[in-house]
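Below: the structure, in structure tokens.
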Amino acid sequence: MIGAILGDIIGSIYEFEPTKEKDFQLFWDFNEITDDGLLTMAVFSALEKSADNYDKLGITVAKELIKYFANYPMPMGGYGSMFSNWATESLKSYSVLPAYNSFGNGAAMRISPVAYFAKSIEECIELSKKVTEVTHNHPEGIKGAEAVAVSVYMAIHGHNKQEIFDYINKNYYRLNETCNEIRKYYRFEGSCQQTVPQSIQAFLESASYEDAVRIAISLGGDADTMAAITGSIAEAYYGIPSSIEAKAFDHVDDKNKELVRRMLHLRNSVVKRYLESETSKYETDLIHYRTTGADMDGFPDKHQRYLSLKYKGIFYECSDNKFLNATDTSGNTKRMNQQEFMFFIDEIRHYLHNQFKHEILSVTDFYDEMFLEISQNYWRE
């Protein structure tokens, strides 16, 4: 949810001036929240008001979408023309008009809150349809929103990237192109079928929340919407560095600050981040051996860190951001190649997300900072 809002804000200045580069400044003085972020808040508000009784969720969502449109009629970039006409005519007639059979990517940009309210993947799919079909009742619109909602739900509940890829590939879209391949020809697209799979692929190739948003924007498409979609999945999978997360409050008005705080509270109560102890029942699968050095809270300090893990007989080590080694079952040690390095990052992320036993709130920031340092510096030798 917050990942979608921040992705929207970061991508806002690239919606009509696309970039094919990942190396850009995240926040400028003129970044703004657009319809993507505003309508994500509207969906959250509707789900919250439903209080676990979703019989009338459709009408509640519709009213919240129209309310946000009325209160914020001219966001940066504007609203989609079909949505704008629907909301305007609904206001004029004092009633919610029927859906307009859209398959636009507006269905997917706002959907992430359903994954945090759902109690199962089946309920996530059901809620996604109820939220979406009030406007985007075309099968491709429903499908696009559902694919994003399911991706977020799976990320929240500890599925790794391979599992997310397999599920989306089987049930929604063929993810058969890399971002480097997509980037060569891609341009602005407004449909779910031409933005959702590309946005999910951007997440799958990422190493952190920031990296995911940068990849999505660098494809050169509908930047704010794609960054919102990718960012919503990346938030659930990686978490968001606090330095980036704080920017959300700089770009929402006072009326929505409290709502954003409630979003954060819900997310933090649903998504847990953990640190593993030395003993583990997962010894045959993945072991996170140790992290030494601590700050005042007893958590790892970036100047005194050592971490290692073993996966299927291979022992991976990272020490002081200088050496990344892989030792095989015969005791042979070699420097990691880039593919092994990305594996190292993703497996620790997944383990932190799903298997650790003691909650540590600062661990997300620690790993985000460390991995960004490594990815930016290590491969420049």
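The figures follow:
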quantity: Backbone N under 14 Å from the ASP250 label point (7 Å along Cα→Cβ), restricted to the range 29-46; calculated: 29-33
quantity: Neighbour cut-off at most 11 other Cβ (10 Å), DSSP loop, trypsin sites (Lys or Arg not before Pro), the range 185-247; calculated: ARG187
quantity: Rounded, prolate or oblate (a/c below 1.5 giving rounded, otherwise prolate when a/b exceeds b/c) for the range 1-130 by Cα gyration tensor; calculated: oblate
quantity: Protection proxy ranking, peptides 229-237, 23-31, average beta carbon neighbours within 10 Å, highest first; calculated: 229-237, 23-31
quantity: Kirkwood Rh in Å, taken over the range 2-270 so that all alpha-carbon pairs contribute; calculated: 17.9 Å
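No lab work stands behind these numbers, since they all come straight from the coordinates. All values reported here derive from a predicted model rather than from experimental measurement. When we count neighbours, we look across all protein chains shown, and the Cβ atoms used for this are built from the backbone with ideal geometry, even at glycine.
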